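Data first, discussion second: the structure below is written as structure tokens.
Derivation of every value follows stated rules applied to the coordinates shown; laboratory data play no part. Remember, predicted model here, so these are calculated numbers, not experimental data. Reconstructed Cβ throughout: ideal geometry from the backbone, glycine too, with neighbour counts over all protein chains shown.
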Amino acid sequence: MVQSMTAFAAGTGNAEGASWTIEMRGVNGKGLDIRFRLPERMLSHEQALKARLQKLVARGTINVGIRVDRAATGAAIALDEDVVKAYLSAAIQIRSQAKNLGLKLEPSRASDFLGLRGVVMSGDDVAGLPEADILRSFDEVAASFVEMRATEGAALRNVLLAQLETLSDLTVKASTLAEARKDQTAENLKTNLAAVLQGASGADPDRVAQELALIAVKSDVTEEIDRLGAHVEATRTLLGEDGAIGRKLDFLMQEFNREANTLCAKSGSTELTRVGLDLKAIIDQMREQVQNVE
């Protein structure tokens, strides 16, 4: 089953006077990059939460945000006494150093300390969090996130299959044009051989024939067309497999592009060149879609 790296899921919950919102956003990425924005009380859970997601997804950049709010209780502001003591001690040392250097500092005010990190304890720190409930919500959002990746992946697969069918039709068209060109190519070589032999009496006929045969081989696009057909079948098979197939698909797109470029370079006819350019256009469209496949 094709999985898309682009997805979004969100969920909310409330318990023990707290309410929370969890959001997951996924975009494409070369590997798996999971980033969190968590309340301070939940920072210790980050690695465990990351491990849960790593079991569900293989590639993509995923941003996870958890926001927790508490209903106002009218309680007085609570200070973290240890943090306050640490800041006051640091302030005393700074004033002592300033005095030794002959510097005069402005008097300190209580408001100067209230804005410092960790001095005022948040509701989460004072009353704790319903962590078990939040973790259950996280699992539910993660399940919805994976489900959306699968839904988006199914739509992505349908688009790729339609594009692959167009690519297959163009490959067949190129094969038909190349086959029809063979007789004309052979006739042209015979004409060229006769002209060369007639204009150069001292030329070695066998040597001239070898050179013309080499030109014929270099202009033959049979191998390129055969490889394009093989890549079509490999891509079709891959789109029916489970797991992370994005990198394999990207490799096949590179192979498609290589064969299309060679086809254009060796075509020798306007019609075949036009088909080669159409192939390159549809391959570019497929590559854009493949960038979102896990």
Each residue of the range 275-283 in order: what ³J(HN,Hα) in whole Hz does its phi give by Karplus 6.51 cos²θ - 1.76 cosθ + 1.60, θ = phi - 60°, with x for Gly and Pro?
5, x, 5, 5, 4, 4, 5, 5, 5
Taking V159, V221 and counting other beta carbon atoms within 10 angstrom, the fewest-first order is V159, V221
Full extension between D220 and R25 adds, at 0.36 nm per residue less the Cα distance, a length in nm of 65.3 nm
Stretch gain in nm, segment D139-A98, where the contour uses 0.36 nm per residue and the Cα spacing is subtracted:
9.4 nm
Quick one: length gained pulling D242 to V159 fully straight, 0.36 nm per residue minus the C-alpha distance?
28.1 nm
For K30, counting only aspartates and glutamates whose alpha-carbon sits under 12 Å away and dropping same-chain residues fewer than eight positions off, the answer is D250, E294
Assuming R0 = 45 Å, can you tell me the calculated FRET efficiency for the pair S269 and N63, based on Cβ-Cβ distance, to the nearest 0.05?
0.30
